[in-house]
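Everything below concerns the one structure shown next.
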Amino acid sequence: MKKVDVIVAACEELGISYENNALWFEILIDQAIATFNTATKFDIFVKALEVNDKRAMLPNNFAKLRKITSGACSTGCAQGCYFEGVDYMIQGRYIIFSSCLDILDGSNITIDYMGLALDEHGEVFIPEKWERMLVAYLCWKYSRKHHQDYPAYIIQDYKREFANQKASNG
């Protein structure tokens, strides 16, 4: 199952436009997946990334960073020795390095990360049993944002369904 399938299902559930919500819903799916604390749902990947303007775009299947296994600093840090919160932070689809580090544009880093499987076209593969959980998450976040259009019990039902599905899939 692909992210687009989950987004379409959530839009149908809410009776809203796919075009107006797809980008936000994709970000919400990534956020929901990143909250999983289990390693059994993810594969381990190693990938080289190019750093420009002290940031590098993370792979589309990225869920959690395990470590940076090689460095891009010319000075200021030991090769491959980076500390989250001090040397870098993950923000959205990017890893952003501290301005204190001397990282040259075009440098490469290698990350070791946990992520979802990819299909034959390089698209993220979401397990089918996650569909109900992710749809509930999208519906909860959307209805909470547009609370004037949804009764409180509907918002709470989506939240409860997400929590129950996450617990059973987790």
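Quick notes on this one:
- Residues of region 108-150 classified as hydroxyl-bearing (Ser, Thr, Tyr), in a helix (DSSP H, G or I) and either in contact with a Gly (Cβ under 6 Å, 6 or more places away or on another chain) or under 23 Å from LYS64 (Cβ atoms) (or both), total: 1
- Beta carbons closer than 8 Å, at least 6 apart along the sequence or on distinct chains, pair a first residue in region 97-126 that is assigned by TED's automatic domain parsing to the domain that holds ARG66 and within 28 Å of THR35 (Cα to Cα) with a second that is surrounded by 15 or more Cβ atoms within 10 Å (Cβ to Cβ) and acidic (Asp, Glu) for PHE97/ASP87; SER98/ASP87.
- Against the numbered list (1) surrounded by fewer than 18 Cβ atoms within 10 Å (Cβ to Cβ); (2) within 27 Å of ALA56 (Cβ to Cβ); (3) of a type in the set (Val, Ile, Thr), VAL124 comes up short only at (1).
- Residues of region 152-170 include at least one that is surrounded by 12 or more Cβ atoms within 10 Å (Cβ to Cβ) and over 28 Å from GLY15 (Cα atoms).
- Residues of region 1-56 classified as in contact (Cβ under 8 Å) with a residue 24 or more places away in the chain, surrounded by 15 or more Cβ atoms within 10 Å (Cβ to Cβ) and among the β-branched types (Val, Ile, Thr), total: 6
The values are calculated or read from the model by the stated rules, or taken from the named source; none is laboratory data. Here the structure is a predicted model, which means the values were calculated and not measured. Glycine also receives a Cβ, built like all others from the backbone with ideal geometry; neighbour counts cover every protein chain displayed.
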